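S.K.: The structure is given below, and queries will be raised subsequently.
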Amino acid sequence: MRLYASSYDPNMSIQSMSAPLRKVAMRRPGAILSADPARWHYGGVINAEALNAQFNILVGLVEQSGAEIVWLDGPNEHGADDDLADSVFTYDPSLMTDAGAVLLRMGKPLRMAETELHRALYDRENIPILGEISAPGTIEGGDCFFLDAATLAVGRGFRTNQSGIDQLAALIEPHGIRVESYDLPYFSGPDACVHLMSLVSPLDDDLAIVYAPLFPTSLYQRMTEMGYTLLHTPADEFESTGGLNLNVLATGPRQVIAMAGYPKTAALMAEAGCRVSLFDADQLCLPCEGGPTCLTRPLVRD
């Protein structure tokens with residue numbers, strides 16, 4: 001576990017999953033456009049033109065929410081010429097806290113080098129780096145979400161191990177953040193991408209959508225005790241997407257961006273008072289096991 005000097009910036013607020021999104025890191029599609037689906041565990045050959053078009057629509061929705069987009073490649077907004085196909089999914093290689101960032105160590109070996117993109121981003125943005133996870137620890141951002149401003153839930157599974165969780169706790173608990181870990185189900189096995197946030201998306205400080213049959217019982221009970229209302233996503237839409245139907249990006253309290261084509265999930269959120277913005281994602285998200293949350297790394301909320 002490598003430690004860095006840090007300084008608290010009172011202008012940054014990020015320890016919420018649904019406060020208004022003000023600044024977010026994204027990366028334009030690059031290597032993903034020609035990636036070998038067998039190598040990257042994608043669901044088939046991707047239509048590059050359609051993927052780019054769908055990404056641009058998502059970018060427009062994020063900008064319409066009022067958030068500023070910071071591109072991981074700096075002024076280059078066209079995707080880098082590298083072999084990091086999954087780097088478009090910027091949620092995973094780092095974690096943001098009010099005290100600064102933690103560089104994570106990816107559980108998918110092909111994604112290991114993505115952490116350096118995030119290190120460069122935080123250096124450019126003058127965001128302090130609290131530390132980074134080192135071997136044998138692994139932890140991916142998709143396994144982490146804030147239950148409240150002082151509590152981070154972390155899923156322990158094929159992408160995130162106990163060493164990674166222990167290292168993360170040592171880095172952020174001194175900054176007043178309690179880490180709680182929860183075991184994830186085997187589900188489709190080690191090759192599939194099942195993060196904790198494949199099973200839950202917070203929509204407000206007291207509202208979340210979950211897939212109850214696979215959701216950790218102890219976390220379900222914890223969220224209920226904390227006053228959350230838990231919406232149960234329909235099984236058919238969950239199963240047809242591998243959980244991406246509930247991979248929902250909250251750009252503000254009960255203001256969400258979700259994939260189009262799953263009317264039961266959209267209606268469930270709308271009936272709970274959410275304003276739901278939809279975009280087509282049959283090329284951008286479904287084959288690549290990553291939804292709108294995965295495609296963003298929130299940097300500032302307020």
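S.K.: Among the residues of region 102-139, write down those that are under 23 Å from ASN52 (Cα atoms) and in contact with an Asp or Glu (Cβ under 6 Å, 6 or more places away or on another chain).
M.R.: Passing the criteria: only ARG111.
S.K.: Go through region 1-60 residue by residue and tally those that are aliphatic (A, V, I, L, M), modelled with pLDDT of 95 or more and over 22 Å from the mean Cα position of the chain (by Cα).
M.R.: Result for region 1-60: 2.
S.K.: Given the conditions (1) of a type in the set (A, V, I, L, M); (2) surrounded by fewer than 23 Cβ atoms within 10 Å (Cβ to Cβ); (3) in a loop (DSSP other than H, G, I, E, B), and given that ALA120 satisfies all but one, which numbered condition is not satisfied?
M.R.: Tallying (1) of a type in the set (A, V, I, L, M); (2) surrounded by fewer than 23 Cβ atoms within 10 Å (Cβ to Cβ); (3) in a loop (DSSP other than H, G, I, E, B), ALA120 fails exactly one: (3).
S.K.: Can you confirm whether region 227-235 contains a residue that is touching a residue at least 24 places away in the same chain (Cβ under 8 Å), in contact with a helix residue (DSSP H, G or I) (Cβ under 6 Å, 6 or more places away or on another chain) and of a type in the set (Val, Ile, Thr)?
M.R.: Looking through region 227-235, at least one residue is touching a residue at least 24 places away in the same chain (Cβ under 8 Å), in contact with a helix residue (DSSP H, G or I) (Cβ under 6 Å, 6 or more places away or on another chain) and of a type in the set (Val, Ile, Thr).
S.K.: Which residue out of THR160, THR151 is hydroxyl-bearing (Ser, Thr, Tyr), within 18 Å of the chain's Cα centre (by Cα) and surrounded by 20 or more Cβ atoms within 10 Å (Cβ to Cβ)? Walk me through it before giving the result.
M.R.: On the way: THR151 fails: surrounded by 20 or more Cβ atoms within 10 Å (Cβ to Cβ).
Testing whether each residue is hydroxyl-bearing (Ser, Thr, Tyr), within 18 Å of the chain's Cα centre (by Cα) and surrounded by 20 or more Cβ atoms within 10 Å (Cβ to Cβ) leaves just THR160.
S.K.: Give region 49-66 a look and list any residue that's among the hydrophobic types (A, V, I, L, M, F, W, C) and in contact with a Pro (Cβ under 8 Å, 6 or more places away or on another chain), or say none.
M.R.: Start the filter on region 49-66 by keeping residues that are among the hydrophobic types (A, V, I, L, M, F, W, C), which leaves 50-51, 53, 55, 57-59, 61-62.
Result: LEU51, PHE55, LEU58.
S.K.: Another question about this same structure. Being within 27 Å of ALA149 (Cβ to Cβ) and out of contact with any strand residue (DSSP E or B) (no Cβ under 9 Å at 6 or more places or on another chain) is true for just one of GLY189, GLY227. Which residue is that? Explain how you work it out, then say what you get.
M.R.: Values: GLY189 fails: within 27 Å of ALA149 (Cβ to Cβ).
The conditions single out GLY227.
S.K.: Taking region 123-148 only, how many residues are touching a residue at least 24 places away in the same chain (Cβ under 8 Å), outside any strand (DSSP E or B) and not hydrophobic (A, V, I, L, M, F, W, C)? Break it down stepwise before answering.
M.R.: Taking region 123-148 as the starting set, the residues that turn out to be touching a residue at least 24 places away in the same chain (Cβ under 8 Å) are 124-125, 127-148.
Those still in the list that are outside any strand (DSSP E or B) too: 124-125, 127-128, 133-143.
When the remaining residues are screened for being not hydrophobic (A, V, I, L, M, F, W, C), the result is 124-125, 128, 134, 136-138, 140-143.
Counting residues in region 123-148 that are touching a residue at least 24 places away in the same chain (Cβ under 8 Å), outside any strand (DSSP E or B) and not hydrophobic (A, V, I, L, M, F, W, C) gives 11.
S.K.: Just for region 82-101: of the residues that are in contact with an Asp or Glu (Cβ under 9 Å, 6 or more places away or on another chain) and part of a loop (DSSP other than H, G, I, E, B), which one is nearest to SER16 (Cα to Cα)?
M.R.: Among residues in region 82-101 that are in contact with an Asp or Glu (Cβ under 9 Å, 6 or more places away or on another chain) and part of a loop (DSSP other than H, G, I, E, B), the one nearest to SER16 (Cα to Cα) is ASP98.
S.K.: Would you point out which residue out of GLY107, GLY66 is on the phi < 0 side of the Ramachandran plot, in a loop (DSSP other than H, G, I, E, B) and out of contact with any Cys (no Cβ under 6 Å at 6 or more places or on another chain)? If you could, list the steps in order and put the result at the bottom.
M.R.: On the way: GLY66 fails: on the phi < 0 side of the Ramachandran plot.
After applying the criteria, what remains is GLY107.
S.K.: Quick check: is even one residue across region 70-81 under 23 Å from SER198 (Cα atoms) and not in a helix (DSSP H, G or I)?
M.R.: Taking region 70-81 and keeping what is under 23 Å from SER198 (Cα atoms), we get none.
Among the residues of region 70-81, not one is under 23 Å from SER198 (Cα atoms) and not in a helix (DSSP H, G or I), which makes the answer no.
S.K.: Does at least one position in region 66-85 carry a residue that is surrounded by fewer than 17 Cβ atoms within 10 Å (Cβ to Cβ), within 21 Å of ARG301 (Cα to Cα), over 17 Å from the mean Cα position of the chain (by Cα) and not small (Gly, Ala, Ser)?
M.R.: Checked region 66-85: at least one residue is surrounded by fewer than 17 Cβ atoms within 10 Å (Cβ to Cβ), within 21 Å of ARG301 (Cα to Cα), over 17 Å from the mean Cα position of the chain (by Cα) and not small (Gly, Ala, Ser).
S.K.: Continuing with the same structure: Can you name every residue in region 90-117 that is among the small types (Gly, Ala, Ser), surrounded by 23 or more Cβ atoms within 10 Å (Cβ to Cβ) and touching a residue at least 60 places away in the same chain (Cβ under 8 Å)? Steps first, answer last, please.
M.R.: Start the filter on region 90-117 by keeping residues that are among the small types (Gly, Ala, Ser), which leaves 94, 99-101, 107, 113.
Narrowing the set further to residues that are surrounded by 23 or more Cβ atoms within 10 Å (Cβ to Cβ) leaves 94, 100-101, 107.
Once the filter is applied, which keeps residues that are among the small types (Gly, Ala, Ser), surrounded by 23 or more Cβ atoms within 10 Å (Cβ to Cβ) and touching a residue at least 60 places away in the same chain (Cβ under 8 Å), region 90-117 yields SER94, GLY100.
S.K.: Mind checking which strands (runs of 3 or more DSSP E) fall wholly inside region 197-291 and carry at least 3 residues that are surrounded by fewer than 21 Cβ atoms within 10 Å (Cβ to Cβ) and more than 15 Å from the chain's Cα centre (by Cα)? Step through it out loud before you land on a result.
M.R.: Working: elements: 200-204, 207-210, 229-232, 249-252, 255-259, 275-279.
So the answer is 229-232, 275-279.
S.K.: Assess whether PRO174 counts as being surrounded by fewer than 21 Cβ atoms within 10 Å (Cβ to Cβ), more than 19 Å from the chain's Cα centre (by Cα), without any contact (Cβ under 8 Å) to a residue 24 or more places away in the chain and within 24 Å of VAL102 (Cβ to Cβ).
M.R.: Working: surrounded by fewer than 21 Cβ atoms within 10 Å (Cβ to Cβ): yes; more than 19 Å from the chain's Cα centre (by Cα): yes; without any contact (Cβ under 8 Å) to a residue 24 or more places away in the chain: yes; within 24 Å of VAL102 (Cβ to Cβ): yes.
Spelling it out, PRO174 is indeed surrounded by fewer than 21 Cβ atoms within 10 Å (Cβ to Cβ), more than 19 Å from the chain's Cα centre (by Cα), without any contact (Cβ under 8 Å) to a residue 24 or more places away in the chain and within 24 Å of VAL102 (Cβ to Cβ).
S.K.: Out of (1) in contact with an Asp or Glu (Cβ under 9 Å, 6 or more places away or on another chain); (2) in a loop (DSSP other than H, G, I, E, B), what's the single condition that is false for PHE187?
M.R.: Going through (1) in contact with an Asp or Glu (Cβ under 9 Å, 6 or more places away or on another chain); (2) in a loop (DSSP other than H, G, I, E, B) one by one, PHE187 breaks only (1).
The values are calculated or read from the model by the stated rules, or taken from the named source; none is laboratory data. Source: prediction; values computed, not measured. Here the Cβ is made from the backbone with ideal geometry for all residues, glycine too, and neighbour counts use every protein chain on show.
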